[in-house]
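Please read the structure below before turning to the comments.
The values are calculated or read from the model by the stated rules, or taken from the named source; none is laboratory data. Given the structure is predicted, the values throughout are model-derived calculations rather than measurements. Here the Cβ positions follow ideal geometry from the backbone for every residue, glycine too, while neighbour counts run over all protein chains shown.
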Amino acid sequence: MRGEEMLNDEPRLHEMLKAQNEHFIVDDVQVVTPGRLNGGEHWRMERLNCLSLGFDKSDCAVCLLEVESGKVYNDSFDANFDPASLTKVRELYRAPV
């Protein structure tokens, strides 16, 4: 049986991933990003390759979203944000190959 879920944040995705078992498997994740995040004028849906969580210099949580095209988006509101500056980075999701 196949189904879809529409999740609104990274913690909920993490919960679903932890809940996987022989009857429930997450086999694909799509991310919808606004133009301010994806660099375009419109919202865009793309396949998520990897989701990581780390902490910036102010110890605020920041998510890194790597999509199928290879682009890496972040949810920081700091215009000068550098993903390499994150600490305590952990991977929450990686798409199956």
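Where strands (runs of 3 or more DSSP E) fall wholly inside the chain, the ranges with 3 or more residues that are touching a Ser or Thr at 6+ places or on another chain (Cβ under 8 Å) are 44-55, 61-67, 87-94. Would you mention how many residues in the stretch 15-31 are closer than 21 Å to Lys71 by Cα and either in contact (Cβ under 8 Å) with a residue 24 or more places away in the chain or among the basic types (Lys, Arg) (or both)? Here the count works out to 4. Scanning the stretch 1-17 for residues that are basic (Lys, Arg) and surrounded by 10 or more Cβ atoms within 10 Å (Cβ to Cβ) yields a single hit, Arg12.
Residue-level check: of (1) over 25 Å from Asp82 (Cβ atoms); (2) modelled with pLDDT under 90, Glu10 misses just (1).
Of everything in the stretch 47-97 that is under 15 Å from Arg36 (Cβ atoms) and touching a Lys or Arg at 6+ places or on another chain (Cβ under 9 Å), the residue that is modelled with the lowest pLDDT is Asp78.
Cβ-Cβ contacts under 7 Å between residues 6 or more apart (or on different chains), taken from a first residue in the stretch 46-64 that is closer than 12 Å to Phe77 by Cα and of a type in the set (Ser, Thr, Tyr) to a second residue that is modelled with pLDDT of 95 or more and assigned to a strand (DSSP E or B), are absent.
Of all residues in the stretch 47-97, which are among the acidic types (Asp, Glu), over 22 Å from Met6 (Cα atoms) and loosely packed, with under 15 Cβ neighbours inside 10 Å? Before you say what the answer is, go through the steps one by one.
Start the filter on the stretch 47-97 by keeping residues that are among the acidic types (Asp, Glu), which leaves 56, 59, 66, 68, 75, 78, 82, 91.
In the following step, the residues that additionally are over 22 Å from Met6 (Cα atoms) were identified as 56, 59, 78, 82.
Scanning the stretch 47-97 gives Asp59, Asp78, Asp82.
Put simply, of Gln30, Gln20 the only residue that is in contact with a strand residue (DSSP E or B) (Cβ under 8 Å, 6 or more places away or on another chain) and either surrounded by 13 or more Cβ atoms within 10 Å (Cβ to Cβ) or within 29 Å of Arg2 (Cα to Cα) (or both) is Gln30.
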